[in-house]
Each structure stands twice: as C-alpha cells, then as structure tokens.
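Input: a single structure, listed below in structure tokens.
Please treat every number below as a calculation from the coordinates, not as lab data. The structure displayed is predicted, hence computed values, not measured ones. Please note: Cβ atoms are built from the backbone with ideal geometry, for glycine as well, and neighbour counts cover all protein chains shown.
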Amino acid sequence: MNRLVLLRHGESIWNLENRFTGWTDIGLSDNGVREATRSAELMLRENYSFDLAYTSVLKRAIKTLWIVLEKMDLMWIPVNKNWRLNERHYGALQGLNKAETADRYGPAQVELWRRGFSIRPPALTPDDDRFPRKDPRYADLQPDEIPLTESLQDTVERFIPYWHQVILPSLRNGKRVLIVAHGNSLRGLAKHLDAIADDQIVKLEIPTGIPLVYELGDDLKPVRNFYLGTRS
C-alpha cells in the first residue's frame, strides 16, 4: 500500500491572533512549534519515514517541515519548495482579525470568503505593500501567476498541475512523500483526491499539526484516509 502524508503547518502567530494570513509570511507560535514536534514524534512512533518532502515558500510551513525532519533524523532528504503549495491568497483581508471582519461584513459573508469554493475575498490593489510582486521569492513568476486575491478554486487550479507534474511521478516511482503546506492548499488537494463536491468542501477543516495519511492503491487513487493517532 502506497502512503502519502499531508501535514498542515503548526499554529502560526496569526492563527493565534485569529487573523487572515494568506501569503503573508508569518512564523510559528510557541504552540505551533510544539505541534510540529508532536507530529514528528507521532510519525516516529508509528514507524513512518520519507524519501522526499514538498512544502511552500512560506516560513510557517518550512519551519514546520524543518522541525519534523530534524526530529525524525531526515534532514538529509530532498526538500522541494514551490509557491504553488502556498496558502490561498486572502487579498485585502490579509492581516485583518476574523471576528472584527465578521462584525463589519456579517458572519455569512465571511464564511463564504473563508470556506466557499469559488468566492474571492476583496482584492488587493497593485500598489498595496502586501502585493506579492514586491517579494523577491516571486520575482520569476509571470504577472498572471501572482494573485491579488484567490478563491479556493483558484488555489486548486494552481496546485493540482504541480501535483500531477511533480508530486505524483514521485509516488509512481515508489517514493515515500511528505507534503507540509497550508489549510487551504491541502483542502484543495483533499478535494481533488476525494472528489469532494464544490458545495461540500465548506465542511472540510484540516487541523494544524496533525498528520493526515492517505493510503493509495496501485493506481495511486485513495483507498482511505485518516489522521495519524485516530485510526481505529
């Protein structure tokens, strides 16, 4: 049985402060560091190991991966960082407190922005300091690849080609793969793997710091999935 492990980064400082984060490069909270450590301990206890790992270019995911690999004595394995695994871009909501935003726009609208499939939050303007074009890690991207805002659908559309072109071939070659990314990029992958309907994806929440294991058949289609430590 082939296995793929997905891990949402540990709690970030803005998770703790209940802020929209998106592509803003926020570090882990102290609890996030503990979550990453516990996830590594859990995978060690269950005899998991990996041949290569994939992550985003945002430090909360990268740091989570570093902690996991160090704890598992796997810092030598190849690590592939790519912007296509980034969190969904929350546009002009980035940095705003979620509760205050709900008070301003109404809880129903904020829930659509957060969990709906095709609804985009208000966009940044190109002159906004938060616009990723000003960040050197995105300097080589084409203008149409750099978002001012994103829906979950947009996130799926940028991540899934990378899944098919890069990650899936590694699995076909028998590699044991760990993906450390973000709540919405992993929701997008789970939606693709499990064929979750657009109107049902709103119900899916991937918690921070708990490994999500996919068992894959010979055709690399999911047979089952479970959170490590919760399997009956």
Search result, residues across segment 212-222 that are surrounded by 12 or more Cβ atoms within 10 Å (Cβ to Cβ) and either touching a residue at least 60 places away in the same chain (Cβ under 8 Å) or of a type in the set (A, V, I, L, M, F, W, C) (or both): Leu212, Val213, Tyr214, Glu215, Leu216, Leu220
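Does Ile146 satisfy being in contact with a strand residue (DSSP E or B) (Cβ under 6 Å, 6 or more places away or on another chain) and β-branched (Val, Ile, Thr)?
Taking the combined requirement at face value, the residue does not satisfy it.
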Test set (1) in contact with a His (Cβ under 7 Å, 6 or more places away or on another chain); (2) among the polar types (S, T, N, Q); (3) outside any helix (DSSP H, G or I) - Thr64 fails condition number: (3)
Residue within segment 79-93 that is touching a Leu at 6+ places or on another chain (Cβ under 9 Å), farther than 20 Å from Leu212 by Cα and assigned to a loop (DSSP other than H, G, I, E, B) present: yes
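Just to be sure before I move on: is Gly209 more than 15 Å from the chain's Cα centre (by Cα) and either surrounded by 12 or more Cβ atoms within 10 Å (Cβ to Cβ) or closer than 23 Å to Leu16 by Cα (or both) in the structure I sent? Even if it seems obvious, please write down each step before you answer.
Details: more than 15 Å from the chain's Cα centre (by Cα): no; either surrounded by 12 or more Cβ atoms within 10 Å (Cβ to Cβ) or closer than 23 Å to Leu16 by Cα (or both): yes.
Judged against the criteria, Gly209 is not a match.
Could you please let me know if Arg3 is part of a helix (DSSP H, G or I), in contact (Cβ under 8 Å) with a residue 24 or more places away in the chain and basic (Lys, Arg)? Don't jump to the end; show me each part of the working.
Numbers: part of a helix (DSSP H, G or I): no; in contact (Cβ under 8 Å) with a residue 24 or more places away in the chain: yes; basic (Lys, Arg): yes.
No.
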Residue list for segment 100-139, restricted to those being more than 25 Å from Lys59 (Cα to Cα), in a helix (DSSP H, G or I) and not polar (S, T, N, Q): Glu100, Ala102, Asp103, Arg104, Tyr105, Pro107, Ala108, Val110, Glu111, Leu112
Pair list, Cβ < 8 Å and 6+ apart or interchain, from segment 94-118 residues that are within 22 Å of Phe131 (Cα to Cα) to residues that are polar (S, T, N, Q) and in a helix (DSSP H, G or I): Val110/Thr101; Ser118/Gln153
Matching option when the condition is in contact with a Lys or Arg (Cβ under 8 Å, 6 or more places away or on another chain) and crowded, with 17+ Cβ neighbours inside 10 Å, among Ile201, Ile179, Ile167: Ile201
Failed criterion for His164 (all others in (1) free of Cβ contacts under 8 Å to residues at least 12 places away in the same chain; (2) assigned to a loop (DSSP other than H, G, I, E, B) hold): (2)
